[in-house]
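**Q** The structure follows.
The values are calculated or read from the model by the stated rules, or taken from the named source; none is laboratory data. The structure displayed is predicted, hence computed values, not measured ones. In this analysis, Cβ positions are derived from the backbone assuming ideal geometry, glycine residues included, and neighbour counts consider all displayed protein chains. Surface areas here come from the heavy atoms of the whole protein model, side chains and all, with no ligands, DNA or RNA. Shrake-Rupley method; radii C 1.70, N 1.55, O 1.52, S 1.80 Å.
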Amino acid sequence: MRVARFLFLRTLGGLAMLPPLSVLVFAAIEVLPGDAAVYALAGQNPSAELMAETRHRLGLDRSPPERYLDWFSGLLQADMGRSAINGQSVSAVIEGRIGNTVILGVLVILLMVPLALAVGVFAGTREGRIGDRVFSLITLCLVAIPEFVLAAALIVIFGFGLKLLPATSIFPVEDSPLMHPTVLVLPVATLTLVAASGASRQVRVGVADVMRSRYVELARLKGLPERRVVLRHVIPNAVGPSLQVLAGSVGVVIGGSVIVETVFSYPGLGSALAAAVTTRDFALVEGIVMVLAAALIIAYTAADLAVSLLTPKLRTAL
Amino acid sequence: MSNVDSRNATDPRTATDGKAPVFGRRDVLSFGALSGGMLALSPFLAACKSDAAPALTPQRGGRLRFAGAGVQSETKNVFNTNSPQEIARNRHLFDWVGYMEGGEPVPYIVESIEPADDVSRWRMRIHKEARFSDGSPVTAADVLFSLRSASDPKIGGGLLSAAAASIDFKASRTVGKDVVELRLTEPLADMDTQIYAGKVYVIKAGSHLSKPESFTVDNVVGSGPYTLADLKVGQSAKLAMNENYWGRGLLGGGPYFSEIEVFNIPDPTARLNALLGGQADLAAKLDYAGAKVNASNSAFSFTKTDRVYANEGCFIMNSRKKPFDDPRVRLAFKLACQREALVKGALLGYGSVANDLQGIGFPDYYGDELPQRAYDPAQAQALLRQAGVAGETVEISVFPGVGTAAAAQIYAEQLGKVGMKARVREITPPELFKNFPTFSNIQVLAVAVPGNQPFATSVAPRSLVSKSTFNVAGWLDRDWDRRLLAARATTDQAKRKKLMFRLQSEFWDDSGWIVWGYQTIVNGTASSVHGVSLAGVEDAPSVRKAWKS
């Protein structure tokens with residue numbers, strides 16, 4: 001019951017964050033110069049009258065608060081509105097792409113979590129030794145390299161050089177990316193390497209801290225083998241706090257997907273979001289950001305729950 | 001028809017850069033770290049170009065993967081498109097009334113467009129063989145319906161919108177099943193050019209097409225060599241061969257592919273990657289650096305369009321704004337522009353020098369009869385001193401486009417040599433139209449005007465006459481507008497030429513337009529693909545006649 005109550009309250013808290021978030025996103029789009037009417041009429045030779053009529057049709061001649069309230073009330077009725085550029089339903093755009101982004105994100109997280117933990121624990125238990133230094137250097141480099149540079153390097157090596165993998169993630173229109181798993185490898189690898197590098201460095205710090213703790217020292221003094229010390233005393237105590245860090249990596253994955261999807265032409269929400277921002281397609285930006293924000297809230301809630309269940313002190317408090 | 005397969009190329013309007021890449025400082029800077037890495041690691045550079053190609057017979061079947069230059073905000077609209085990728089999709093689903101190729105009209109659905117003696121009425125005769133994909137004949141009513149719909153700003157707009165004001169659609173009519181009679185609001189002797197350059201698709205008229213939003217590719221019937229099999233907006237479109245295509249004779253036996261998949265790939269690097277990595281057989285509108293680095297790779301052809309098909313690199317001075325209200329300053333800025341350096345630096349050599357006028361290769365273009373604008377920094381400096389603006393700072397707003405940012409930077413340096421300071425900033429389309437229609441936020445606009453078009457029928461109505469939407473230069477001369485219409489109504493070719501030449505001379509002398517260069521468009525094809533054609537839209541090449549070996 002306590003777990004259910006905890007979950008309920010955390011979810012409620014997460015949902016309460018959505019309205020202020022939507023205001024922030026709306027305000028951010030508002031401060032950008034210009035409006036979607038220009039894009040909606042791109043390729044035409046619009047008269048001033050047509051421009052004004054288009055702005056009216058898109059509701060751009062109304063005040064920002066009016067437009068925001070209109071959009072938000074629609075959202076409460078599960079109506080995210082329509083794209084100002086091509087008139088497509090925002091829900092349809094999201095529906096057509098969310099599956100691809102979920103596939104990408106889930107694969108990245110499934111690979112990133114064990115990789116970050118393994119590398120973090122390996123380096124943390126060897127603090128200051130050669131293994132730690134090598135991994136720290138590698139992860140530092142990967143954290144420092146922008147996603148698009150890493151993606152380009154992987155394309156050159158595996159796409160053009162070794163010719164093992166496709167350089168872009170394009171696949172037949174009626175198929176799912178899972179039917180063409182090779183198109184997923186490079187985007188997943190790019191995001192995994194970037195996200196796991198940052199997370200593994202955090203895990204390493206946590207593990208190194210625990211390794212220096214008194215109870216670990218005591219365990220060693222009691223003559224426990226090092227392997228057992230690490231498995232029984234270090235990892236359980238270091239992993240709990242690391243879960244929040246790993247949940248934070250979901251944000252890195254979501255942010256990175258905007259760049260990686262664009263570089264690989266992967267048809268997901270990230271690439272659609274990038275385009276919608278460029279064209280001031282407010283309804284589409286809001287819709288996608290809301291979905292991504294909800295995903296992030298779910299990830300943090302799950303991490304909170306996992307931390308609470310794995311940490312004895314917190315578990316008893318539930 | 002031009003063929004972009006360089007090994008079989010016979011068309012002088014296209015050519016393949018077969019020279020080994022030579023890199024200058026600016027090349028390297030332009031390509032950047034990303035492509036530099038590719039350069040360093042790509043084994044393709046070791047490849048050599050094959051010299052001769054055996055005579056090949058077109059083969060039927062197979063699937064073509066087309067990496068189109070798209071935008072995520074792809075539309076399904078037949079008549080109004082946002083990107084070359086949409087044009088590439090639509091041009092295979094539908095047939096144009098006709099189009100211009102290399103400045104020459106090519107009738108397609110129509111057999112002819114002929115004027116009445118007073119050029120206030122034009123008759124279009126429909127090709128008797130033309131059939132929609134559902135087997136029904138293409139009639140005059142369908143063509144008139146298509147023209148009307150394409151001209152309606154709520155549905156289409158686009159290139160025909162300039163003509164729309166001149167066509168009285170209420171009075172226009174069909175004569176029998178095969179003839180459309182267009183009645184004009186004013187006599188125009190070049191309506192055929194306007195219709196051909198407008199590239200209007202023909203769709204089947206129907207009562208289900210009553211609302212503007214119903215004119216979508218999945219809701220209309222076309223007569224093109226392919227039909228729409230599947231579409232995911234913003235991702236890709238699958239086209240299937242129209243087995244009963246009426247125009248096989250016009251296509252020399254085509255279409256050949258069983259299926260075409262047009263992918264929407266906004267990023268030029270990703271399009272090139274798709275081609276090099278084997279995920280695409282054809283990639284449109286590649287960036288110059290990528291094409292240059294891979295030019296010697298025999299597995300692919302990288303074709304450059306001639307200036308007739310090129311985009312036009314322009315700096316547009318807004319004469320509503322100081323100091324460009326002074327004609328001496330406008331002339332000084334023209335004389336300060338070293339065009340060869342811009343072509344070499346901003347376009348990496350993929351282009352040629354222009355002469356401050358658009359519409360080269362089309363009827364009514366007389367820029368070649370005017371002297372080529374000279375580079376004369378000394379006179380520019382003297383003019384600027386006379387105008388009392390030497391040392392002042394101007395702002396160059398850069399509209400997104402291939403080579404425009406680099407061109408603006410180089411031009412700013414050139415202006416520095418004549419004593420002016422220039423600040424360069426990049427703007428978005430909404431920023432450009434922020435103060436529409438006066439563009440009072442723009443002093444100088446650096447822009448690559450897409451798609452060369454005829455001067456009198458397209459360029460002038462779009463951006464030169466007083467009421468035009470894109471009149472950034474503030475060329476507001478109502479007498480010039482009136483004389484342009486009079487020239488367009490003139491049927492006597494010698495007289496018309498005299499009038500047009502005078503109009504263009506005045507514009508060349510006094511307007512705020514610096515058309516400094518023709519920007520080549522580069523498309524890439526796998527060596528197995530043959531018969532790709534530019535045919536009307538250079539950055540959305542046609543594969544109507546193409547096949548795979």
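**Q** Taking Cα pairs under 8 Å and at least six residues apart, what relative contact order does chain A come out at, in percent? Mind dumping the intermediate values first?
**A** Values: 361 pairs, mean separation 82.5, N = 318.
Relative contact order of chain A: 26 percent.
**Q** Something else about it: Distance cut-off 28 Å, Cα to Cα: go down the list A:Lys163/B:Lys545; B:Lys238/B:Lys548; B:Lys204/B:Lys232; B:Lys199/B:Lys334 and report the pairs above it.
**A** On the way: A:Lys163/B:Lys545 30 Å; B:Lys238/B:Lys548 17 Å; B:Lys204/B:Lys232 23 Å; B:Lys199/B:Lys334 33 Å.
Checking Cα-Cα distances, A:Lys163/B:Lys545; B:Lys199/B:Lys334 exceed 28 Å.
**Q** Among B:His92, B:Gln72, B:Ser505, whose Cα projects farthest towards the positive end of the dipole of chain B, with charges put on the beta-carbon of Lys, Arg (+1) and Asp, Glu (-1)?
**A** Positive-end residue among those listed: B:Gln72.
**Q** To the nearest hundred square angstrom, how large is the accessible surface buried between A and B, total for both chains, probe 1.4 angstrom?
**A** Working: alone 17100 and 21450 Å², together 34830 Å².
The A and B chains share an interface burying roughly 3700 Å².
**Q** Next up: Could you pull out the pairs from B:Lys321/B:Lys495; B:Lys177/B:Lys211; B:Lys285/B:Lys497 whose alpha carbons sit more than 29 Å apart here? Walk me through the intermediate numbers first.
**A** Details: B:Lys321/B:Lys495 36 Å; B:Lys177/B:Lys211 25 Å; B:Lys285/B:Lys497 35 Å.
Cα-Cα > 29 Å for B:Lys321/B:Lys495; B:Lys285/B:Lys497; rest within.
**Q** Can you compute the radius of gyration and Dmax for segment B:300-372, using only the Cα atoms, both in Å?
**A** That works out to 14.6, 50 Å for Rg and Dmax.
**Q** Return one quarter of the surface area of the convex hull spanned by the alpha-carbon atoms of segment B:232-278, equal to its mean projected area, in nm². Please report the intermediate quantities before stating the final value.
**A** Details: hull surface 18.5 nm².
Over all viewing directions, segment B:232-278 projects a mean Cα-hull area of 4.6 nm².
**Q** With both partners inside the protein assembly as shown, how many of the DSSP beta bridges are antiparallel, as a percent to the nearest 5?
**A** Numbers: 63 of 80 bridges.
Here the antiparallel bridges make up roughly 80 percent for the protein assembly as shown.
**Q** Excluding ligands, DNA and RNA, what is the solvent-accessible area per residue of the protein assembly as shown at a probe of 1.4 Å, expressed in Å²?
**A** Numbers: 34830 Å² over 867 residues.
In whole numbers, the protein assembly as shown has 40 Å² accessible per residue.
**Q** In whole Hz, with x marking every Gly and Pro, tabulate ³J(HN,Hα) for segment A:67-79 from phi via Karplus 6.51 cos²θ - 1.76 cosθ + 1.60, θ = phi - 60°.
**A** Running phi through 6.51 cos²θ - 1.76 cosθ + 1.60 with θ = phi - 60° gives 5, 5, 4, 4, 5, 5, 5, x, 4, 5, 9, 6, 10 Hz.
**Q** Per residue of B:226-236, count partner chain C-beta atoms within 10 Å of its C-beta, then hand back the mean as an integer. Show your work: numbers first, answer last.
**A** Values: counts 0, 0, 0, 2, 3, 1, 6, 6, 10, 12, 7.
Counting other chains' Cβ atoms within 10 Å and averaging over B:226-236 gives 4.
**Q** Relative contact order for segment B:50-144 using alpha-carbon pairs under 8 Å, separation at least 6, rounded to a whole percent? Let's see the in-between values first.
**A** On the way: 84 pairs, mean separation 11.9, N = 95.
Relative contact order, segment B:50-144: 13 percent.
**Q** Counting only C-alpha contacts under 8 Å and six or more residues apart, can you give the relative contact order of chain B as a whole percent? Let's see the in-between values first.
**A** Numbers: 1250 pairs, mean separation 119.5, N = 549.
Relative CO of chain B lands at 22 percent.
**Q** How tilted is helix A:235-264 with respect to the longest principal axis of chain A? Cα atoms for both, answer in degrees (0 to 90, nearest 10).
**A** Once rounded, the angle reads 30 degrees.
**Q** Filter the trypsin sites (Lys or Arg not before Pro) in segment A:73-138 to those in DSSP coil with at most 11 other Cβ atoms within 10 Å of their Cβ, and list the result.
**A** Details: sites: A:Arg82, A:Arg97, A:Arg126, A:Arg129, A:Arg133; in loops: A:Arg126, A:Arg129.
Sparse-neighbourhood loop trypsin sites (Lys or Arg not before Pro): A:Arg129.
**Q** Let me confirm one metric for peptide B:432-440, namely the mean number of other chain beta-carbon atoms within 10 Å of its residues' beta-carbons. Mind dumping the intermediate values first?
**A** Details: counts 3, 9, 4, 0, 6, 4, 0, 0, 0.
Mean shielding count: 3.
**Q** What ratio of Cα Rg to 2.2 N^0.38 Å holds for segment B:296-446? Could the numbers behind the result be given before it?
**A** Details: Rg = 16.5 Å, N = 151, 2.2 N^0.38 = 14.8 Å.
Dividing the Cα radius of gyration by 2.2 N^0.38 Å gives 1.11.
**Q** In addition: Cα axis of helix A:90-124 to longest principal axis of chain A: angle in degrees, 0 to 90, nearest 10?
**A** 20 degrees
**Q** Roughly speaking, to the nearest percent, how much of segment B:311-519's 1.4 Å accessible area is carbon and sulfur?
**A** On the way: 4060 of 7670 Å².
Roughly 53 percent, rounded to a whole number.
**Q** May I ask you to work out the translational diffusion coefficient for chain B at 10 °C, viscosity 1.306 mPa s, via Stokes-Einstein with Rh from the Kirkwood sum over Cα pairs, reported in whole µm²/s? Present the calculation step by step, with values, prior to reporting the outcome.
**A** Numbers: Rh = 24.3 Å.
Diffusion coefficient, whole number: 65 µm²/s.
**Q** May I have the pair-distance distribution P(r) for the protein assembly as shown, computed from all Cα-Cα distances with 20 Å bins from 0 and rounded to whole percent?
**A** Spelled out per bin, shortest first, that is 14, 42, 32, 10, 2, 0.
**Q** I'd like the Karplus ³J(HN,Hα) series for segment B:201-207: coefficients 6.51, -1.76, 1.60, θ = phi - 60°, whole numbers in Hz, and an x wherever there's a Gly or Pro.
**A** Using θ = phi - 60°, the values come out as 6, 9, 10, 7, 5, x, 5 Hz.
**Q** Relative to the Cα centre, what is the charge dipole magnitude of the protein assembly as shown, using +1 at the beta carbon of each Lys and Arg, -1 at the beta carbon of each Asp and Glu, and rounding to the nearest 20 debye?
**A** Details: 88 positive and 78 negative charges, 496 e Å.
About 2380 debye.
**Q** Please report the Cα spread of segment A:90-315 along all three principal axes, rounded to whole Å, starting with the longest.
**A** Computed over the Cα atoms, the extents are 63, 43, 30 Å.
**Q** Moving to a separate point now. Go ahead and estimate [θ] at 222 nm for chain B from helices alone: -39,500 (n - 2.57) per DSSP H run with n ≥ 4, summed, over the residue count, rounded to 500.
**A** Values: 15 runs with 145 residues, N = 549.
After summing the helix terms and dividing by residue count, I get -7500 deg cm²/dmol.
**Q** Let me ask another. Mind checking which helices in chain B clear 18 Å along their axis (Cα) and have mean Kyte-Doolittle hydropathy of -0.5 or more, DSSP H runs only? Before the final figure, lay out the partial values.
**A** Numbers: long enough: B:25-41 (21 Å, 0.73); B:404-417 (20 Å, 0.04); B:493-510 (25 Å, -1.28).
Sorted by number, the helices that extend far enough and score high enough are B:25-41, B:404-417.
**Q** In degrees between 0 and 90, to the nearest 10, how far off the longest principal axis of chain A does helix A:282-310 point, with axes built from Cα atoms?
**A** 20 degrees
**Q** Okay, moving on. How large is ³J(HN,Hα), in whole Hz, for each residue of segment B:209-218 in order, when computed from phi with the Karplus curve 6.51 cos²θ - 1.76 cosθ + 1.60 and θ = phi - 60°, using x for Gly and Pro?
**A** After applying 6.51 cos²θ - 1.76 cosθ + 1.60, I find 9, 9, 10, x, 6, 8, 7, 10, 4, 8 Hz.
**Q** A further question follows. Considering only DSSP beta bridges where both residues belong to chain B, give the percentage that are antiparallel (nearest 5).
**A** 80 percent
**Q** Positive end of the dipole of chain B, charges at C-beta (+1 Lys, Arg; -1 Asp, Glu), about the Cα centre: which of B:Leu188, B:Tyr411, B:Pro137 has its Cα farthest in that direction?
**A** B:Tyr411
**Q** If B:Ile87, A:Ile157 are ordered by their accessible area, calculated over protein heavy atoms with a 1.4 Å probe, which sequence runs from highest to lowest?
**A** Heavy-atom accessible area, descending, gives A:Ile157, B:Ile87.
**Q** Over the alpha-carbon set of segment A:222-318, divide Rg by the Kirkwood Rh and report the Rg/Rh ratio to two decimals. Intermediate results must be reported in sequence, preceding the final value.
**A** On the way: Rg = 19.5 Å, Rh = 16.0 Å.
For segment A:222-318, the value is 1.21.
**Q** How do A:71-77, B:518-524 rank on mean C-beta neighbours within 10 Å, highest first?
**A** On the way: A:71-77: 13.4, B:518-524: 27.9.
Descending packing order for the listed peptides: B:518-524, A:71-77.
**Q** Then there's this: Across peptide A:267-274, what mean number of C-beta atoms from other chains lies inside 10 Å of a residue's C-beta?
**A** On the way: counts 7, 1, 0, 0, 6, 4, 1, 2.
Mean number of neighbouring Cβ atoms from other chains: 3.
**Q** Over the Cα atoms of segment B:192-242, each weighted equally, I'd like the Debye log10 I(q)/I(0) at q = 0.28, 0.29 Å⁻¹, rounded to two decimals.
**A** Once normalised to I(0) and log-transformed, intensities are -1.10, -1.10.
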